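Remarks on the structure that follows.
Rule-based calculations on the coordinates, nothing more; no lab input. Here the structure is a predicted model, which is why all the values come from computation and not from measurement. No Cβ is skipped: glycine too gets one built from the backbone with ideal geometry, and neighbour counts run over all protein chains shown.
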Amino acid sequence: MRKQLFSLAIKAHGLLHKMDRILHERAGKVFRRELAEYLERKTERQLEVLPRVFEYSFAVRNLPEKGRIIEVGCAASSNALPIILAELGYEVYGIDLRLFKVKHPNFEFIVSDARHLPFRNIFQCGYSISTIEHVGLRGEHSPRDDLEGDSKAIKEMINSVKPGGSLIITVPFGRSDMLPDSRIYDIDDIRRLFTGLNIAEEEYIKESNRVWFKISREEADKADHKAGCRAVGMFKLHKQQTIANVNCMET
């Protein structure tokens with residue numbers, strides 16, 4: 001009887017060991033699959049950062065050498081630019097409906113809608129990186145669409161900048177389109193959006209095979225975002241030397 005029980009115990013131990021090995025192998029496969037999926041998702045998220053390399057570079061190259069500047073839409077998780085500029089001695093203001101959780105003596109963050117900025121004629125430059133295309137479209141902070149939201153935001157930025165100052169704007173570019181949460185601009189849309197401003201500099205970038213690179217406007221014109229061909233237009237604009245809408249917070 002004891003021999004039989006001992007034999008059964010050995011068999012049971014062997015079976016448990018085999019089951020444990022199978023479970024570990026399956027768990028390893030699941031872990032590796034989930035890790036691969038996580039890394040793929042991570043890579044996809046990183047793709048959203050890559051065009052910013054060009055956009056932030058364009059902004060920095062076209063900023064005034066010093067002074068008071070404002071960033072409209074500063075709370076993207078990958079955005080360190082306002083703090084970098086604050087470290088370089090700029091007096092930086094950041095505007096967003098989301099919280100920006102970094103503090104700096106030269107940086108002031110204000111929760112505000114881009115369509116209703118509390119400033120008039122006080123900044124040497126205002127810039128907005130891939131934000132204007134979303135303003136007013138339905139989302140977490142906009143339960144209803146405001147199809148003129150982008151134009152309103154640009155007008156507010158114009159009013160916030162001193163006469164002779166500049167704006168730096170980057171937006172999706174290509175075949176004109178309206179997506180649920182974003183606008184795609186062609187050159188005619190751009191000219192309407194920037195009415196009253198002079199385009200001083202313009203550059204374009206495009207994604208192909210998960211790589212972003214510079215292209216001409218003619219190439220950017222053909223980008224069809226719905227077909228998966230993405231492009232971005234980057235613009236430096238000058239405000240005319242006229243004073244209007246002066247009252248709030250003018251210095």
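Descriptive notes on the structure:
- Among (1) surrounded by 22 or more Cβ atoms within 10 Å (Cβ to Cβ); (2) under 29 Å from Trp212 (Cβ atoms); (3) touching an Asp or Glu at 6+ places or on another chain (Cβ under 8 Å) - the single one Thr131 does not satisfy: (3)
- Selection count, the stretch 53-89, where residues are in contact with a helix residue (DSSP H, G or I) (Cβ under 8 Å, 6 or more places away or on another chain), closer than 18 Å to Gly165 by Cα, of a type in the set (Gly, Ala, Ser) and surrounded by fewer than 18 Cβ atoms within 10 Å (Cβ to Cβ): 0
- Considering the stretch 90-121, the residues that are of a type in the set (Asp, Glu) and over 19 Å from Ile132 (Cα atoms) include one that is surrounded by the most Cβ atoms within 10 Å (Cβ to Cβ), namely Glu91.
- Cβ-Cβ contacts under 7 Å between residues 6 or more apart (or on different chains), taken from a first residue in the stretch 169-195 that is touching a residue at least 40 places away in the same chain (Cβ under 8 Å) to a second residue that is charged (D, E, K, R) and assigned to a strand (DSSP E or B), are listed as Ile184/Asp177.
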